[in-house]
Amino acid sequence: MHRSRAGFTLIEALVAVSVAALILGNVAVMLSASNTGYEKESSRATLELQLDQTLDRITLALMSADLNSLNPGAPNPAFHTQLEFEQRLGVQNGVVVRGDPERIEYTLAAGEVVWKQRPEQENERSVVWNRWVRQFLEGELPNGVDDNGNGLVDESGLTFIIEGASVTIWLSLERIGPENKPVTYSRKAVITCRNT
């Protein structure tokens, strides 16, 4: 008489568990890699969006600035980490009407771009536009040399260059992304003060 076998042998059960563990391990590795890739792209996208928004705010504020109100008005090759200006609101009875003084500045200690209305007055208004500004522009090192080839030396993460009626704005943002690696984006915009 022949007996039928019920269940698995110990070796068959161990082989099945080993195969299942390998499959689950591969799935976990794939999910982890996918998650890390998503975090990297999300970090990059967030930083790039912040860069675009901050640069847009700066350019919009300066586009209607009265050229004669720009301070400092130093010519190229000087660069500045802050720029004071007044909006030109129009002309009344042949006289140019300007808005309150404004300032856009880079604060090194906090790594921030700050917009101020009526700076250093009792009723000053201040808004932080970005908190991820690099200490120096991308590619620039604090060594007294023009490392990034733009004609300037040791320029900061927010740099204004005034040439005639044009203002060139350089902005570099950086934040720590996944795996503790810095993610950096930089962009340049050139605007013309229309109200000269």
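Just to confirm my filter: which strands (runs of 3 or more DSSP E) fall fully inside the range 82-177 and include at least 3 residues that are of a type in the set (Val, Ile, Thr) and within 23 Å of the chain's Cα centre (by Cα)?
Working: elements: 82-92, 95-107, 112-117, 125-130, 158-163, 166-176.
In the range 82-177, 158-163, 166-176 are the strands (runs of 3 or more DSSP E) which contain 3 or more residues that are of a type in the set (Val, Ile, Thr) and within 23 Å of the chain's Cα centre (by Cα).
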Residue among Glu155, Glu163, Glu120 that is loosely packed, with under 15 Cβ neighbours inside 10 Å and within 15 Å of His80 (Cβ to Cβ): Glu163
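May I ask you to verify whether Arg88 is in contact with a Ser or Thr (Cβ under 7 Å, 6 or more places away or on another chain), crowded, with 19+ Cβ neighbours inside 10 Å and at pLDDT below 90?
Details: in contact with a Ser or Thr (Cβ under 7 Å, 6 or more places away or on another chain): yes; crowded, with 19+ Cβ neighbours inside 10 Å: yes; at pLDDT below 90: yes.
Here the answer is yes, as Arg88 does meet what is asked.
Per-residue answers, yes or no, for (1) at pLDDT 85 or above; (2) over 19 Å from Glu41 (Cβ atoms); (3) not aromatic (Phe, Trp, Tyr):
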residue: Gly157; (1), (2), (3): yes, yes, yes
residue: Leu173; (1), (2), (3): yes, no, yes
residue: Glu179; (1), (2), (3): no, no, yes
residue: Ser186; (1), (2), (3): yes, no, yes
residue: Asn195; (1), (2), (3): no, yes, yes
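Given Val113, Val128, which one is of a type in the set (A, V, I, L, M, F, W, C), within 18 Å of Phe79 (Cβ to Cβ) and touching a residue at least 12 places away in the same chain (Cβ under 8 Å)? Give the derivation first.
Values: Val128 fails: within 18 Å of Phe79 (Cβ to Cβ).
Of Val113, Val128, the one residue that is of a type in the set (A, V, I, L, M, F, W, C), within 18 Å of Phe79 (Cβ to Cβ) and touching a residue at least 12 places away in the same chain (Cβ under 8 Å) is Val113.
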Output yes when any residue across the range 141-152 is in contact with a Pro (Cβ under 9 Å, 6 or more places away or on another chain), surrounded by fewer than 17 Cβ atoms within 10 Å (Cβ to Cβ) and of a type in the set (D, E, K, R), and no when none is. no
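Of all residues being charged (D, E, K, R) and in contact with an Asp or Glu (Cβ under 9 Å, 6 or more places away or on another chain) in the range 96-121, which is nearest to Arg134 (Cα to Cα)? Just the residue, please.
Keep residues of the range 96-121 that are charged (D, E, K, R), which gives 98, 100, 102-103, 105, 112, 116, 118, 120.
Next, only the ones that are in contact with an Asp or Glu (Cβ under 9 Å, 6 or more places away or on another chain) stay: 98, 100, 102-103, 105, 112, 116, 118.
Details: Arg98: 33, Asp100: 29, Glu102: 23, Arg103: 19, Glu105: 13, Glu112: 9, Lys116: 20, Arg118: 26 Å.
Per the stated criteria, the residue is Glu112.
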Tally time: how many residues in the range 40-64 are free of Cβ contacts under 8 Å to residues at least 40 places away in the same chain, more than 24 Å from Glu84 (Cβ to Cβ) and open to solvent by 80 Å² or more (accessible area, probe 1.4 Å)? 2
Filtered residues of the range 4-59 (kept if within 21 Å of Asn180 (Cβ to Cβ), of a type in the set (Asp, Glu) and at pLDDT 85 or above): Glu48
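The values are calculated or read from the model by the stated rules, or taken from the named source; none is laboratory data. Remember, predicted model here, so these are calculated numbers, not experimental data. Every residue, glycine as well, gets a Cβ built from its backbone with ideal geometry; the counts of neighbours run over all protein chains shown. With ligands, DNA and RNA removed, areas are computed over all heavy atoms of the protein, side chains included. Shrake-Rupley method; radii C 1.70, N 1.55, O 1.52, S 1.80 Å.
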